[in-house]
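Notes follow the structure.
The values are calculated or read from the model by the stated rules, or taken from the named source; none is laboratory data. What you see is a predicted model; the values in this text were computed from it and never measured. Here Cβ is always computed from backbone atoms with ideal geometry, including for glycine, and neighbour counts include all displayed protein chains.
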Ligand SMILES: Nc1ncnc2c1ncn2[C@@H]1O[C@H](COP(=O)(O)OP(=O)(O)OP(=O)(O)O)[C@@H](O)[C@H]1O
């Protein structure tokens, strides 16, 4: 869908931002360009919508050389989202999003209707439509930026560090939202970041660049973590890549065991073992430590907060984290509705990792 063929960029001052580089971005996938500051990510991305022209080589979008396309028309088919959202400060949210449909010849009324659908799609309440960008949080501004980029329903979306100006919690929410949107929309997304965690979370394929504009590795995230191409990538993906790779190993085969449970609101006698407290719907609320005496009915205030929960059949990383973070050492497994299924220990998880390793005939790290 997007193809870089022997593309090179040298700026007028002699800086070579991108060395001769070839890369194919598959249609309907999120492909991430990742690398340290100044490695040429933005330069490469901007060659797609002709904000920057290559010094040599060819960029194809949908099989067509972008040089044959009129830049303005080309950009209508390519949504562009940048850090700080880049919204028009003097237009309200709805009009910011409606800008492109109006340029495309839709009536103002129709464009606004489309804009309000898009706000809903990116998870923003309608009442924000009348506000100005300065009256929104950073995360909300980014969502408006995404809605605006989607307004013309472009097949291609370029996203240049779109989430790097917001705090880590909001950022994670925006990443999840992008994955959800992508499930629905199937765009061809080229995403730039310098954050390897963001890259492996979002990318179906990840291209690692290093200073000087060299492409060092282009691979699926799992392969990148399993087999970094060289020392640069090894250092870049980080020390705990073995652990992080568990995000790509599914937990089928993990067999949760039952544990003693008590119900919040019930009367309970002391016992010398950890017990998991559940609410009336069977959802975990916390742990009751061994030897606890409870006068009257069990309340949540008497519980020790439980660790993270592992949702059945999601990746093993969450299972190991549940076991390691639980005060009892027993990771709580829940089903898709959040109801208690059983518990696992770190040993269970490690045993399953070992089984996977033998089945694959290779190590995880
Ligand atoms: N207009 C320009 N003229 C000269 N050099 C430039 C120009 N734009 C970028 N560069 C240089 O080209 C190199 C690549 O820059 P680019 O912005 O593509 O990197 P990047 O990986 O996106 O960096 P960052 O993560 O910091 O945004 C850098 O050395 C930069 O200083």
> If you go through the range 40-59 one residue at a time, how many are within 15 Å of the ligand (Cβ to nearest atom) and in a strand (DSSP E or B)?
Replying inline: 1
> If you go through the range 66-92, how many residues are under 29 Å from the mean Cα position of the chain (by Cα), buried (at least 16 other Cβ atoms within 10 Å of the Cβ) and in a loop (DSSP other than H, G, I, E, B)?
Replying inline: 5
>> Between a residue in the range 209-229 that is farther than 19 Å from residue 190 by Cα and in a loop (DSSP other than H, G, I, E, B) and any residue that is more than 12 Å from the ligand (Cβ to nearest atom) and at pLDDT below 95, which pairs come within a Cβ distance under 7 Å, given they are 6 or more apart or on different chains?
In response: 228/234; 228/237
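Being within 9 Å of the ligand (Cβ to nearest atom), assigned by TED's automatic domain parsing to the domain that holds residue 175, over 23 Å from the mean Cα position of the chain (by Cα) and assigned to a strand (DSSP E or B), is that true of even one residue in the range 17-24? Steps first, answer last, please.
Quick first cut of the range 17-24, residues within 9 Å of the ligand (Cβ to nearest atom) only: 17-18.
Checking the rest, the ones that are also assigned by TED's automatic domain parsing to the domain that holds residue 175 come to 17-18.
Now restrict to residues that are over 23 Å from the mean Cα position of the chain (by Cα): 17-18.
Adding the requirement that they be assigned to a strand (DSSP E or B) leaves 17-18.
The answer is yes; a qualifying residue exists.
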> What about residue 63, is it at pLDDT below 95 and within 16 Å of the ligand (Cβ to nearest atom)?
Replying inline: no
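Sort through 238, 173, 213, 242 and tell me the only one that's more than 16 Å from the ligand (Cβ to nearest atom), in contact with a helix residue (DSSP H, G or I) (Cβ under 9 Å, 6 or more places away or on another chain) and at positive phi.
238
Would you mind finding the one in 166, 97, 144, 122 that is touching a helix residue (DSSP H, G or I) at 6+ places or on another chain (Cβ under 6 Å), modelled with pLDDT under 85 and over 23 Å from residue 34 (Cα atoms)?
When all the criteria are applied, what remains is 122.
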> Taking the range 143-169, which residues are without any contact (Cβ under 8 Å) to a residue 60 or more places away in the chain and assigned to a helix (DSSP H, G or I)?
Replying inline: 143, 144, 147, 168, 169
>> With the requirement that a residue be surrounded by 13 or more Cβ atoms within 10 Å (Cβ to Cβ) and in contact (Cβ under 8 Å) with a residue 24 or more places away in the chain, what does the range 293-312 give you?
In response: 294, 298, 303, 306, 307, 309, 310, 311, 312
> In the range 178-195, which residues are at pLDDT below 90 and crowded, with 22+ Cβ neighbours inside 10 Å?
Replying inline: 178
> If only one of 279, 360, 347 is under 30 Å from residue 226 (Cα atoms) and touching a helix residue (DSSP H, G or I) at 6+ places or on another chain (Cβ under 9 Å), which one is it?
Replying inline: 347
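Only one of 277, 323, 319 is buried (at least 16 other Cβ atoms within 10 Å of the Cβ), in contact (Cβ under 8 Å) with a residue 24 or more places away in the chain and outside any helix (DSSP H, G or I); which? Can you show your working first?
On the way: 323 fails: outside any helix (DSSP H, G or I); 319 fails: outside any helix (DSSP H, G or I).
None of the other options fit; the residue is 277.
If you scan the range 27-39, which residues turn out to be assigned to a loop (DSSP other than H, G, I, E, B) and either at pLDDT 95 or above or surrounded by fewer than 18 Cβ atoms within 10 Å (Cβ to Cβ) (or both)? Can you show your working first?
Of the range 27-39, the ones assigned to a loop (DSSP other than H, G, I, E, B) are 27-29, 35-39.
Those that are assigned to a loop (DSSP other than H, G, I, E, B) and either at pLDDT 95 or above or surrounded by fewer than 18 Cβ atoms within 10 Å (Cβ to Cβ) (or both): 27, 28, 29, 36, 37, 38.
Kindly provide the set of residues from the range 221-259 that are closer than 15 Å to residue 311 by Cα and over 23 Å from the mean Cα position of the chain (by Cα), ordered by number. Spell out how you get there, then give the answer.
Initially, the range 221-259 is screened for residues closer than 15 Å to residue 311 by Cα, giving 246-257.
Hits for the range 221-259 are 253, 254, 255, 256, 257.
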>> Exactly one of these conditions fails for residue 198: (1) within 25 Å of residue 6 (Cβ to Cβ); (2) under 12 Å from the mean Cα position of the chain (by Cα); (3) within 14 Å of the ligand (Cβ to nearest atom). Give me its number.
In response: (1)
>> So residue 12 ticks every box in (1) within 16 Å of the ligand (Cβ to nearest atom); (2) over 30 Å from residue 131 (Cβ atoms); (3) touching a strand residue (DSSP E or B) at 6+ places or on another chain (Cβ under 9 Å) but one. Which box is left unticked?
In response: (3)
